[in-house]
Number of protein chains: 2
Amino acid sequence: MYDIAIIGGGPAGVSAALNAKILNKSFVWLGSRVTSKKVERAELIKNYPGLPDITGAQLSWALSNHAQSMGVYIEECVVTGVYETNGFFTLLAGEKTYEAKTVVLCLGVEAAKPLEGEEEFLGRGVSYCATCDGGLYRGKRIAVVCTDKAFEHEIEYLCSLAAHCTVFPMYRNYDIKAANAEIILKAPLKYVGDVKVREVVYKGGSVSADGVFILKSAVSPSTLVHGLKTDGGHICVDRACSANISGIFAAGDCTGRPYQYVKAVGEGNVAVHSAVEYLAASEKK
Amino acid sequence: MYDIAIIGGGPAGVSAALNAKILNKSFVWLGSRVTSKKVERAELIKNYPGLPDITGAQLSWALSNHAQSMGVYIEECVVTGVYETNGFFTLLAGEKTYEAKTVVLCLGVEAAKPLEGEEEFLGRGVSYCATCDGGLYRGKRIAVVCTDKAFEHEIEYLCSLAAHCTVFPMYRNYDIKAANAEIILKAPLKYVGDVKVREVVYKGGSVSADGVFILKSAVSPSTLVHGLKTDGGHICVDRACSANISGIFAAGDCTGRPYQYVKAVGEGNVAVHSAVEYLAASEKK
């Protein structure tokens, strides 16, 4: 049981992890990678105080380096669910689970809003986890919606199980090595079905499927944590970065504008300080 | 008339100034110096993301250097009053005044709470400004409470005017060159009087005075801005760093714990973004 689970490898996540380490808490840091793609792609950042005129790649390096210099490492995975039980939280990441007393969400803002039907059919034919649920679709028809080239090996794994696989690669330079893969270069619009998901609708057509895998680096906050209060896709937090669920905190772009690196690192700091206060108060009860 | 007046030279102020510059607003940055004494004295800062294991002096240099590299300079002064008139603000700093549509308060937390009687007798014998009010006490008895060696020349100026001057140096290594100065090495406890201030009470005694000068690098938020909502000395702000008075924003330690550099720079960024939004909305009216 960890004191703190931090989800997300962007600037807010780095700052949260550094502070969890400094404040001497047991913690796990989960995410798809250290610092986000968005940071790496930023051309020139002029307002990260103390580091004038740095590129996104340089900031990304500086943050990763800082974490490494303190022995702080991210466990690469995609957390797809956070469940509260008996005052603590269980996090689902592929086939692994983690338990923590508090959770700090640093999800960024890229976590696309779920499409129509996505949350409705989650667990009823819609899955975020190829390794968890792939086996259920042996010899069946599946569809895979993939937002990141990093997950191509999961597409290939799914294709190796399914009889037929319709793939929606939502990124550039796809290279999917699977004979039974049918590529559709259009964005899915919604998922429809009855008791289970039945088809993926895209502009100009639809494709039937027994199961739909949505492979993305982060799920939307409200999908990730049942009952989490959001507003326009942003997690509602107070000045202490506390969300509406006791023990859950959030930092960075996922809490709203301005989408700024320095705001994100500031909130990562605040969120972990608040988590530590929460832990101290819980122990006194 | 500036778009934004930023008060305070600590990390929050630096971040606010950088963002005001980048967002292309007309602004003035007022404070006692770039970065605070508190930063300069910090031994080792481990959680300023991107700058691992830096000393306070190094962070202070990095922030000042960043500001200078963008042509952003502080005007050294002590702002002692912010007054709202006709939807804009007038700032009083010694004998100078500044006008701005919005104000970003980055006052830090060192701004000591006013002593008993300080606010009551402000303008009735109590003054924050030697150059403004010194002339009123030619040939009279004054007391000077000084929190920073940087203001010693003001003590000497006041001594040159007054018949007798009781000095409370609240810092180390004082060196006051004035024959009519009587030094008391005790902290003042309160200011008492009737229609005007009459004496300074300290532990074990009191001293009478026609005027009392309080020389400090920042006045308390509620003294600075009449009607500003505070809680335990901290300025009450919302997630956008907006204070209870429209057009006034605050960032950094003055908004409350955690007192952390990275929280301060994050809020400096947020406060200026909010000020810019406020300006845009005001123009549409």
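Between copies, how far apart are the B:LEU161 label points? List them in nm, one decimal, shortest first, with each point 7 Å from Cα toward Cβ, please?
Distances between equivalent label points, in nm: 8.3.
In the stretch A:126-215, what % of DSSP beta bridges are antiparallel (nearest 5)?
Once the DSSP bridges in the stretch A:126-215 are tallied, antiparallel ones form about 35 percent.
Could you pull out every residue, at least 5 positions away or on a different chain, whose amide H is within less than 5 Å of the one on A:GLU75? Hs are placed 1.01 Å off N in the peptide plane, and Pro or chain starts have none.
Excluding prolines and chain starts, which carry no amide H, the hits are A:TRP29, A:LEU30, A:GLY31.
Within 10 Å of each Cβ in A:255-261, how many Cβ atoms from other chains are there, averaged over the peptide?
4
Report the gain in length on full extension from B:ARG41 to B:THR131: 0.36 nm times residue separation, minus Cα-Cα distance, nm rounded to one decimal.
My answer for the length gained is 29.4 nm.
Excluding same-chain residues fewer than 8 positions from B:LYS25, which lysines have a Cα within less than 16 Å of its Cα?
Those lysines meeting the cut-off are A:LYS46, B:LYS101.
Report the extension gain between A:LYS96 and A:HIS153 in nm, rounded to one decimal, defined as 0.36 nm multiplied by the number of residues separating them, less their alpha carbon distance.
Residue separation times 0.36 nm, minus the Cα-Cα distance, leaves 18.7 nm.
Using 0.36 nm times the number of residues separating A:TYR174 and A:VAL192, minus their current alpha carbon distance, what extension gain do you get?
Between A:TYR174 and A:VAL192, full extension yields an extra 3.9 nm.
Quick one: B:ILE22, A:ILE235, fewest Cβ neighbours within 10 Å first, how do they rank?
Ascending number of Cβ neighbours within 10 Å: B:ILE22, A:ILE235.
Students often forget the sequence filter, so: which aspartates and glutamates lie under 16 Å Cα-Cα from B:LYS229 once same-chain residues fewer than 8 apart are removed?
Straight-distance partners of B:LYS229: B:GLU84, B:GLU119, B:ASP238, B:ASP253.
How compact is the protein assembly as shown by the rule of thumb for globular proteins, expressed as Cα Rg over 2.2 N^0.38 Å?
1.18
Which whole-Hz ³J(HN,Hα) couplings does the stretch B:53-64 yield from phi under the Karplus relation 6.51 cos²θ - 1.76 cosθ + 1.60, θ = phi - 60°, glycine and proline marked x?
6, 9, 7, x, 5, 5, 5, 4, 5, 4, 5, 4
Between copies, how close do the A:ASP238 label points come, placed 7 Å along Cα→Cβ, listed in nm from shortest?
1.6
In B, who owns the beta-carbon nearest the axis carrying B over to A, and how many Å from it?
Residue of B nearest the axis onto A, distance in Å: B:GLY266, 1.
In the stretch B:126-215, what is the count of Lys pairs whose alpha carbons are under 15 Å apart, counting only pairs at least 8 residues apart or on separate chains?
4
Please list, in chain and number order, the residues 5+ apart from A:ILE245 or on another chain whose amide H is under 5 Å from its amide H, with Hs placed from the backbone.
Answer set, sorted by chain and number: A:LYS229.
Arrange B:VAL144, B:VAL28, B:VAL272, B:VAL195 by Cβ neighbour counts within 10 Å, fewest through most, would you?
B:VAL195, B:VAL28, B:VAL144, B:VAL272
Out of residues 5 or more away from A:ASP148 or on other chains, whose amide H comes under 5 Å of its own, with H placed 1.01 Å from N in the peptide plane?
Here the answer is A:MET170, since their amide H atoms fall under 5 Å of that of A:ASP148.
Whole-Hz Karplus ³J(HN,Hα) for the stretch B:156-168, in order, using 6.51 cos²θ - 1.76 cosθ + 1.60 and θ = phi - 60°, x for Gly and Pro?
Result, ordered by residue: 5, 4, 4, 4, 5, 8, 6, 6, 9, 9, 8, 10, 10 Hz.
Provide the per-residue ³J(HN,Hα) series for the stretch B:99-109, in order, calculated from phi with Karplus coefficients 6.51, -1.76, 1.60 and θ = phi - 60°, each as a whole number of Hz, with x at glycine and proline positions.
10, 8, 7, 9, 10, 10, 8, 10, 8, x, 10
Given label points at 7 Å from Cα along Cα→Cβ, what nm distances, shortest first, separate A:ASN24 from the same residue in every other copy?
Those separations, rounded to one decimal, come out as 5.1 nm.
For peptide B:48-60, how many partner chain Cβ atoms fall within 10 Å of a residue's Cβ, on average?
6
Note the angle between two axes, namely the Cα long axis of helix A:11-22 and the longest principal axis of the Cα atoms of chain A, as a number of degrees from 0 to 90, rounded to the nearest 10.
50
Coordinate-derived values only; no laboratory data. This one's a predicted model, so the numbers in the text were calculated from it and none came from an experiment. Every residue, glycine as well, gets a Cβ built from its backbone with ideal geometry; the counts of neighbours run over all protein chains shown.
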